[in-house]
1. For region 85-212, with every protein chain kept in place, what is the accessible area per residue (1.4 Å probe, Å²)?
2. Between their Cα atoms, which of K54/K166; K218/K370; K38/K370; K14/K366 are more than 26 Å away from each other?
3. How far, in degrees from 0 to 90, does helix 215-226 lean away from the longest principal axis of the Cα atoms of the chain, to the nearest 10?
4. Simple spin-label model, 7 Å along Cα-to-Cβ: E381 to R15 in nm?
5. Expressed as a whole number of Å, what is the distance separating the alpha-carbon centroids of region 264-291 and region 98-116?
6. Calculate the FRET efficiency for E35 and K305 from the Cβ-Cβ distance with a Förster distance of 56 Å, rounded to the nearest 0.05.
7. Residues of region 297-323 with amide nitrogen under 18 Å from the 7 Å Cα-to-Cβ point of D272?
8. If a/c stays under 1.5 just call it rounded; otherwise compare a/b with b/c (prolate if a/b is bigger, oblate if not). Do that for region 3-136, with a ≥ b ≥ c from the square roots of the Cα gyration tensor eigenvalues.
Amino acid sequence: MNQIRDINLWESGKRKIDWVEANMPLLRQIKKDFEATKPFAGLKVALSVHLEAKTAYLCKVMAAGGAEMYITGSNPLSTQDDVAAALAHEGLNVFAWYNATEAEYNSHIAEVIKIAPNIIIDDGGDLVNLIHNDYPELLPQVIGGCEETTTGIIRLVAMNRDNKLKFPMVLVNNADCKHLFDNRYGTGQSVWDGINRTTNLIVAGKNVVVAGYGWCGKGVAMRAAGQGASVIITEIDPIKAMEAVMDGFKVMPMNSAAKLGDIFITVTGCRDVITEADFYNMKDNAICCNAGHFDCEVDVAGLKKIAVESKLARENIMGYKLQNGNWIYIIAEGRLVNLAAGDGHPAEIMDMSFAIQALSALHLVKNKGKLDGVIIDVPREVDLDVARRQLVNWGLEIDRLTAEQEKYLNN
C-alpha cells in the first residue's frame, strides 16, 4: 500500500530516527503514556508534515498510542526517502517521495485522505482543504485535526469566516510552546543551516533582507545579525516595523531593500513578496530564498520569464541572468529553504512542537463532540504541561505562588 521511492533505504532512515529520538525526551515520555493507555486505538490518523526524522518519530509516537497512521509530506522537496522507507519498513502507511511532481504530490495527499481519517494532522492546510473540496462525504468521520503552521491557520480562519470549516481544528502554531520556540529559534537556526550549507558563503559583512517580522522573521533576523550581517526588514504591519527598528534593524520597503541586499529571505506566508521589478533592482549575484510555507513568495516563475540565460550554479542553486547582465540566484526553487536545502528544525525544538501536536490530538479524542466551535486554541494546561516537562528535562526548577500570593493576585 506504500508509495515510496525505495524500501531498501530503510536502514539509513532508521539511524536518523534513532538519533532524533535520543534528543526528544518529551515525545519519549508521551510515547510511554500512549503505549499504556492506547488513546487512539481503532482510529485512523492522516498526517501531512515535512517528512523527515522528527516527523517520523511523531508518527511512531501516535502509532504507539494505537493510531493507524497514513503519512505524506507537505512539500515536494522536504521528504527524505530513507526516512519514508524506515516508516514503511515498520509497518506504517507512507505515500511520499523526494522531488515529487505536482501531480505525484497531489496524488499522495489524496491517498492519505481517501482512507477516511478520524484525525488530521496538517502542515499548511492541504489535507483539510482537500477533504472539504473533493471528499465531503468523508467529513462526518473526522473527529478533528491539528494545524502546525501560520500559513495553515490563515487558511483555516478564511474557511471558518466563510462557514466552510466542518470539524474542529486545533491551532497548534498559536501555542506558546510552539511559536515562541519553533518559529523563532527553530526557524532562525534551520534557515541559516540551509543557506550556509548550500551556498558555502560568509554572512558577516553582507546585507541580509528579511521580508516579514513575525516570530519566524524575528528568528531569521536574529541569527543573521549574530553572524555579522547588516539586517534590513521589510514589513506591512506598522507595529512589527516599529519592533524591528527597536530591535536594532533597518526598515524599508522591498523596492528600496532590493537595491541593497546580498541575501534575501521571505518569511511572510503571502505571495509575490519579491517580484520581477525587485529582481531588476538587485545587485549582481544577489541570492534569494524562501522560508514561508509555499513557493509563491519569491516569484521564481516570473524570474524565469525575464531571464535571458539560466544555469545550475551549485547543487540546489539555480542562477538566472537578466538583460542588464546581473545574475540572480535562487536556492531550492524558492521552496522552504530550511527543509528543501537542509534537515529542518533541530530535534529539541520539534520535540516541543510535536509534543503539542500529540497532546492536542489527544484533547480532540477525549472531548469528541463536546468542543465549542471549529477554531480551537491549544488548551492552556497542555502548553503549561509541555513547559513544565521541559524544565524538568533541563534540570531546572522555578518558584511557585504561595496561597497568600494567589489570593493577592486574584483579588
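1. Values: 4660 Å² over 128 residues.
Roughly 36 Å² per residue, with all protein chains present.
2. Details: K54/K166 30 Å; K218/K370 37 Å; K38/K370 21 Å; K14/K366 32 Å.
As for pairs spanning more than 26 Å Cα to Cα, those are K54/K166; K218/K370; K14/K366.
3. 50
4. According to this spin-label approximation, the distance is 4.4 nm.
5. What the calculation gives is 29 Å, centre to centre.
6. Values: r = 54 Å, r/R0 = 0.97.
Calculated transfer efficiency: 0.55.
7. 297-306
8. Working: a/c = 1.93, a/b = 1.17, b/c = 1.66.
Taking the square roots of the gyration eigenvalues as a ≥ b ≥ c, region 3-136 is oblate.
The values are calculated or read from the model by the stated rules, or taken from the named source; none is laboratory data. Quantities reported herein were computed from a predicted structural model and do not represent experimental measurements. Methodologically, a virtual Cβ is constructed for each residue, glycine included, from the backbone with ideal geometry; neighbour enumeration extends over all protein chains shown. Only protein heavy atoms, including side chains, enter the accessible area calculation; ligands, DNA and RNA are left aside. Shrake-Rupley method; radii C 1.70, N 1.55, O 1.52, S 1.80 Å.
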